[in-house]
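Structure, as C-alpha cells:
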Amino acid sequence: MSNPKSKKDSVNSDKELPAGPRILVLHGPNLNLLGTREPKIYGRTTLGDIHTMMEARARADGVQIESFQSNGEGELIDRVQAAGSEGIEFIILNPAGYTHTSVALRDALAAVRIPFIEVHLSNVHAREDFRKHSYFDDIAVGTISGFGAQGYALALDAALTRIRRP
C-alpha cells in the first residue's frame, strides 16, 4: 500500500505536528477545485484555506490534524483503512460525489469503526433529488450541510468535543 501522505493531492503540511489526539479530514472528488469550481454553490474558499483554518484550531487544542484529498475512490478507501491502524480517533469526511454512490467507502468506514462526521459545503437537501441520498448519514455521528467552509469548523468543534468526553 502506498503512503497516502505522499500523494500529490494531499493538503497535509510538512510542519511538525503536536503529540495528542489525531483527526483525519478526508475530502472527496473535485474538492481540489474549491475556490474556482461553481463558486455560487461552493464559495471561493480553497481547500488549502480550509486546511489552514482547521490546522490552526486543532494545533491550539493540542490535536494533530491531517487532511487528505483524492479524486479516486480507491485512494480514499485505502486512507480510511490505514487510519484504522494509525490511532486516528476521529474522521471528518466530505465524500463529495461519492456521497450518493460509494458503498465501498461506506463499508471501509464501517469496518474501521472510527467515529466520523459527514460534511457538505452546500445544502444537499435543497439541490437535485439524487443529492438527497447519502450512503454515510446513517453510520455517521452527524451531518453538517449547507454552511460552506464554516461546516468544516463546525465539524472540528464537534469532533474536539467528542474526543475530550470523559
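Any read-out appearing in this document is the output of simple, stated calculations on the displayed coordinates, not a laboratory observation. Because the structure is predicted, anything quoted here is derived from the model rather than measured.
Taking a ≥ b ≥ c as the square roots of the eigenvalues of the alpha carbon gyration tensor, the stretch 26-84 is oblate, as a/c is not under 1.5 and a/b does not beat b/c.
Computed from backbone phi with θ = phi - 60° and the Karplus coefficients 6.51, -1.76 and 1.60, the 3J(HN,Hα) list for the stretch 146-155 is x, 9, x, 4, 4, x, 5, 5, 5, 5 Hz; x is used for glycine and proline. Applied to the stretch 42-47, the Karplus parametrisation 6.51 cos²θ - 1.76 cosθ + 1.60 on θ = phi - 60° returns per-residue 3J(HN,Hα) values of 9, x, 9, 6, 8, 5 Hz, with x for Gly and Pro.
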